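Participant: First the structure, which I've put down as structure tokens, then a few questions once you've had a look.
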Amino acid sequence: MNSCDVMDYEIVKAAAGDKDEVLALYRAQIGREFCPWNEDYPSEYEIDFDLSRDALFVLKTDGQIKAAISLEEDEDVDSLECWSADLKPSGSIARVAVIPDEQSRGLGRIMLQYAMDELKRRRFKGIHFLVNKHNVKAIRSYAVFGFDVVGECHMFEQDFLCYEKRL
């Protein structure tokens, strides 16, 4: 067990038995500011895809899932021209979610650090991901990691900043 100022927790690779709880976590994000998720995305399909690739990680406390993050494979995002060639191969993250009652307590940062460490273990040179251009809360949260904003794009009906960093 690790410990942080909010709780004792463990981060583990999600298992098939976690699927319903992860889906409920995703559904709890629907309608939150800057969250484009809906009843169709993310779905069981994305969870199954992530589970099949050992790419879904969850933060648990007292056996309950409080946060999740996925190591992403998305050709559209990976093919953006803004990413640095010298950081390839780069991993990507997606579907970062924290239970609404636990937000603003550092769990998103803990999950991001874990994902970066995991990508490094998997021998990626860099990490890149998209953040909604207007999501000030997420932008502030990620600022402590020293990511570079290397571009902007419009995808999935949103305007994004493209974040990148050497691992």
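Participant: Could you tell me how many of the residues in segment 116-167 are among the hydrophobic types (A, V, I, L, M, F, W, C) and farther than 20 Å from ASP74 by Cβ? I'd like the intermediate steps shown before the answer.
Facilitator: Applying the first criterion (among the hydrophobic types (A, V, I, L, M, F, W, C)) to segment 116-167 yields 116, 119, 124, 127, 129-131, 136, 138-139, 143-145, 147, 149-150, 153, 155-156, 160-162, 167.
Subsequent filtering for residues that are farther than 20 Å from ASP74 by Cβ retains 136, 139, 143-145.
Result for segment 116-167: 5.
Participant: From the residues in segment 95-107 that are in a helix (DSSP H, G or I) and out of contact with any strand residue (DSSP E or B) (no Cβ under 7 Å at 6 or more places or on another chain), which one is nearest to VAL150 (Cα to Cα)? Full working, then the answer.
Facilitator: Let us first name the residues in segment 95-107 that are in a helix (DSSP H, G or I), namely 100-102, 107.
Add one more test, that the residue is out of contact with any strand residue (DSSP E or B) (no Cβ under 7 Å at 6 or more places or on another chain), and what stays is 100-101.
Working: PRO100: 30, ASP101: 32 Å.
Selected residue: PRO100.
Participant: Continuing with this model, one more query. Only one of (1) within 21 Å of PHE160 (Cβ to Cβ); (2) over 11 Å from the mean Cα position of the chain (by Cα); (3) not hydroxyl-bearing (Ser, Thr, Tyr) is not met by LEU59, so which one is it?
Facilitator: LEU59 satisfies all of (1) within 21 Å of PHE160 (Cβ to Cβ); (2) over 11 Å from the mean Cα position of the chain (by Cα); (3) not hydroxyl-bearing (Ser, Thr, Tyr) except (1).
Listed here are the residues, each with its yes/no results for (1) more than 24 Å from MET155 (Cβ to Cβ); (2) of a type in the set (Lys, Arg); (3) touching a residue at least 24 places away in the same chain (Cβ under 8 Å).
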| position | (1), (2), (3) |
| --- | --- |
| TYR9 | yes, no, yes |
| ALA16 | yes, no, yes |
| GLU33 | no, no, yes |
| PRO36 | no, no, yes |
| TYR45 | no, no, no |
| LEU56 | no, no, yes |
| LEU59 | yes, no, yes |
| GLY63 | yes, no, no |
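Values in this text are rule-based calculations from the coordinates and carry no lab data. Note that the structure is predicted; figures quoted are calculated from it, not measured. Every residue, glycine among them, receives a Cβ derived from its backbone with ideal geometry; neighbour counts consider all protein chains shown.
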